[in-house]
1. Could you tell me what % of all Cα pairs in the range 2-151 have separations over 28 Å?
2. Using a Gaussian network for the chain with springs between C-alpha atoms less than 10 Å apart, which of these wobbles most: 143, 126, 68?
3. Positive end of the charge dipole of the range 2-151 (Lys, Arg +1 and Asp, Glu -1 on Cβ, about the Cα centre): tell me which of 28, 123, 67 has its Cα farthest that way.
4. In whole Hz, with x marking every Gly and Pro, tabulate ³J(HN,Hα) for the range 20-25 from phi via Karplus 6.51 cos²θ - 1.76 cosθ + 1.60, θ = phi - 60°.
5. Please work out the C-alpha center-to-center distance from the range 1-59 to the range 78-154 and express it in whole Å.
6. Using the count of nearby Cβ atoms within 10 Å as a rough guide to exposure, how do 121, 23 rank from fewest to most?
7. Could you derive backbone 3J(HN,Hα) for the range 36-49 from the dihedral phi with the Karplus parameters 6.51, -1.76 and 1.60 (θ = phi - 60°), listing whole Hz in sequence and x where the residue is Gly or Pro?
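Read-outs: derived from the displayed coordinates by stated rules, not from any lab. Here the structure is a predicted model, which means the values were calculated and not measured. Positions of Cβ are backbone-derived with ideal geometry, glycine not excepted, and every protein chain shown enters the neighbour counts.
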Amino acid sequence: MRSTRVTRLLPFDPDDLFSLVADVEAYPEFVPWVSSLRVWNRTAPQDGVASLDAEARVGFAMVREVFATRVRIDAPRRVIEVSLLYGPFRRLRNRWEFLPTPEGTRIEFEIDFEFKSRLLDALLAANLQRAAEKLVGCFEARARSLYVAAAGVA
């Protein structure tokens with residue numbers, strides 16, 4: 001099993017951070033290895049819960065892949081859950097949770113995956129924690145660029 005968890009405390013509103021991660025169509029703008037993303041099967045929120053399917057084209061060094069996920073966006077709980085539809089994985093699940101704190105928000109990000117290719121699986125497994133930290137860092141940098149001026153936060 002390949003899984004890891006990243007926790008970050010950020011000085012931003014949990015609803016703003018939730019919305020940032022829920023806006024999957026914007027990922028190519030600030031996640032460097034996502035070259036394109038398309039969304040379909042979007043459902044309107046019922047009781048604050050929506051879902052969509054998303055196909056991402058990604059590239060790391062010489063590796064280029066396409067994969068699709070189902071994204072469940074639960075606004076009342078501030079939870080985003082992602083599961084695999086198709087791609088180079090045997091298994092892929094990730095979960096974002098945004099918890100209010102007196103200082104802002106505690107982000108909990110968990111990812112669990114296994115590639116079909118043993119080589120890809122071994123390559124990413126060796127760097128999983130670093131890759132997860134970098135991914136969360138992309139969202140943190142985006143939040144800082146969007147919300148620092150508005151909130152007057154450093």
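1. Everything past 28 Å amounts to 17 percent.
2. Ranking 143, 126, 68 by mean-square fluctuation puts 126 first.
3. Farthest towards the positive end: 123.
4. Here the 3J(HN,Hα) series is 4, 6, 5, 7, 4, 5 Hz.
5. 9
6. 23, 121
7. 7, 8, 10, 10, 8, 6, 6, 9, 6, x, 10, 6, x, 10
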